[in-house]
Amino acid sequence: MDSDRPSDDNTQMVRLPKLAPRVGIVVTALLLAVGAGIALGEALGWPFLAGPMQRWLGSTLHRTVVFGTDPAQPQIHTRLLGGIQVSGPSILIGAPAWSQAPHTFLARDAHLSMSYPDLLRAWRGQSLRIAALHAATLDANLERLADGRASWQFGRATQTPSDADAKTPAQMPSFGLLHVGSGRVAYRDALLATQLDVAFALDEGTSTTPAFRLQATGRYRTMPASASLQTSGLLPLVAPDRSAPAVPMRLEARVGRASMTFNGTATDALDLGALRGRFDVQGPSLAAVGDPLHVTLPTTGRFRAQGLVTKEGRVWSVVPEQVSIGSSRLNGAFTYDARSRVPVLSGRLGGTRLLLADLGPAVGARVPHTDASKPTSGRVLPDRPFDLPSLRAMNANVLVAIDSLDLGSQVLAPLEPLRAHLVLDGGVLTLNDLDARTAQGRLGGTVQFDGRRERALWRADLRWAGVRLEQWIHAARSGDAPPYVTGRLSGRMSVDGEGRSTAAILGSLHGSGRMQLAGGTISHLAVEAAGLDLAQGLGVLIKGDDALPVECTVAELTIDQGLLRPRALVLDTRDSTLWIDGSLSLATEHMDVRLVATPKDFSPLTLRSPLRVSGTFADPTISLDNKGQLGAKLGAAALLGLLNPLAALIPLVDLGEGDSAARQSGEGCRNFAQRVAAGGGGGARPKPSK
């Protein structure tokens, strides 16, 4: 009988297969029940979770969150699968504890979607991203304090000033999709000194293509600001998704003294994503246009630019096809990249004509044709302070190619063309590879402006060669009179200075310069006038002026603390030798320059007295230097005239230097010119004969 009884192992083997179907049925039933519960909850909107959901979102965002009008009785329809979706008559996200605003966001007839990862990042203090928000109306109050705390920062990381980083301002909330019928945004930013009130509306009307309108007024970076935006399509307010469709739009804005219009397309209204179209910008100065964009641009005459603009992320590309600055006509292509810590401006600047007077204020000069241009201090050199911090606000790399640079004088010929490479790096502005042509000659060198310190440092190393003076200097003369001076001018100047204005830099200038004139001539009448040779000057007037060949010329100048002195300034002709000595102060704007002419030939009637130019740059005076000697000569002539009228001419007779003295004078000039040309400039300089 024992053999017929089944073993324990066999019994277990029989029972296990009978239990397995039962467990599977239970698990399946439970899963079906849970699924049915979730489906029912999703269908009903989880009404019993409204309160916990409201409290959980409030805890996550560290803000008051209210669904509906009564916090005690939330009125929402919720879905939890794939993220949180909340719909209700109103959704309110409260303001931070430090704010006096009634709320940060209040949406009515709203549908809100957020993903769980985005909520986790917001809980950690990162920028909040809302996947989608549809609302009939939206009221928002966005604030940022001077310590960096912002009402659009959510989570536990931004509750105290010590946790906020004012140097790295928080990003605004981003939206995957934001469609609002109408709304209002009050924006207050202490860091940017900005206050804007924005009203927007979506006018669907009877058209199949709704129109979006936005109006903004207030102050931007302390400047009065207003803007108007219209679109012919449904334009989201903020859409960081680059794949979002672009919508036609028109934007008109005025900030400070600058105004702008834009016609084109964009993917969102506030950040101007994927912007592309045509612009027209104008203002009383180029600097006035750069201020709203936080771009360093010089102060100039009246400015207007028209062309194409695109924006991808934080990179702007601008192609100004027509640019007018005063009477200047320019064009170019630029890229402004704001992604790095210091924004970078790069591109090229070209044009047919640039007037130096239009850019004069950029180096401290007064704006022309205004009451402010009238000097009140009696000084001539521009003393307007530089805006040195603006040089450190960005870097630049720009190629310059101007067809004609007008120097702002009817006497001097323009530079045609002008080529240069402008580099701004860390507050140091350098003009490299300078190449300018004028009057068959050439100008080159390097200019640097270092604005990293409180006082700017300025250095210039310039060279010029082969400049035809008769073509560069336009001095009109009547009849067939020759030019006052001709020849090929060459030279070099190396100087440096420091200060907070052009006048201060020139007043501290230190360096040297040298010039030479080859194959030149000078007006015979001018030479005789310089020597007060009355007889020969009268003769030249009667027979007509002619050109005296310049046999030798040399000029070597030294500058120390803005005081310019000629180490040697000599011009030698067969008729006379002209010497210039004295000083000219760029610091005080005073001058004391003496011109001495030593005739080489006989003259029956000459006063032979040096001429002195003194006074200030604004009020120079010309006088006879040796008035005592000249008075004695005229007194002697008067006394001798009492004896015989012809005897009165005796004191006024000049026998000239004579051949030997003339040769010595010419050789001294030529020897010194050779030393200057060789770069030495040493040794004793030639002296005028007594």
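Read the figures in this text as sums done on the coordinates, not as results from a lab. Please read these numbers as outputs of a predicted model, since none were measured by experiment. Ideal geometry is used to build each Cβ from the backbone, glycine not excepted, and the neighbour counts take in all protein chains shown.
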Between Ser340 and Trp56, how high is the FRET efficiency from 1/(1 + (r/R0)^6) when r is the Cβ-Cβ distance and R₀ = 41 Å? Nearest 0.05.
0.55
If the chain between Gln322 and Arg492 were fully extended at 0.36 nm per residue, the gain over the current Cα-Cα distance would be 57.6 nm
At Arg304 and Gln73, where each label point lies 7 Å from the Cα along Cα→Cβ, what is the point-to-point distance in nanometres?
6.4 nm
Counting only residues 5 or more places away or on other chains, whose amide H sits under 5 Å from the amide H of Ser328 once H atoms are built in the peptide plane?
Leu355
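R0 = 35 Å: FRET efficiency of Ile38 with Asp197, Cβ-based, nearest 0.05?
The value I calculate is 0.20.
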Give me Rg over Rh for region 419-463, both radii from the alpha carbons and Rh done the Kirkwood way, two decimal places.
1.08
Given a Förster distance of 35 Å, report the FRET efficiency between Ala518 and His421 from their Cβ-Cβ distance, rounded to the nearest 0.05.
0.70
Under 16 Å by backbone N from the virtual spin label 7 Å along Cα-to-Cβ at Asp147, the residues of region 95-111 are 96-100
A chain fully extended from Arg453 to Arg121 at 0.36 nm per residue, minus the present Cα-Cα distance, gains in nm 115.3 nm
Stretched fully, the stretch from Leu81 through Glu551 gains (0.36 nm per residue minus C-alpha distance, one decimal, in nm) 159.4 nm
Could you give the nm distance between label points at Asp461 and Asn432, where each point is 7 Å from its Cα heading toward the beta carbon?
1.3 nm
Would you mind computing, in nm to one decimal, how far apart the modelled labels at Leu49 and Leu412 are, each placed 7 Å from Cα along Cα→Cβ?
7.9 nm
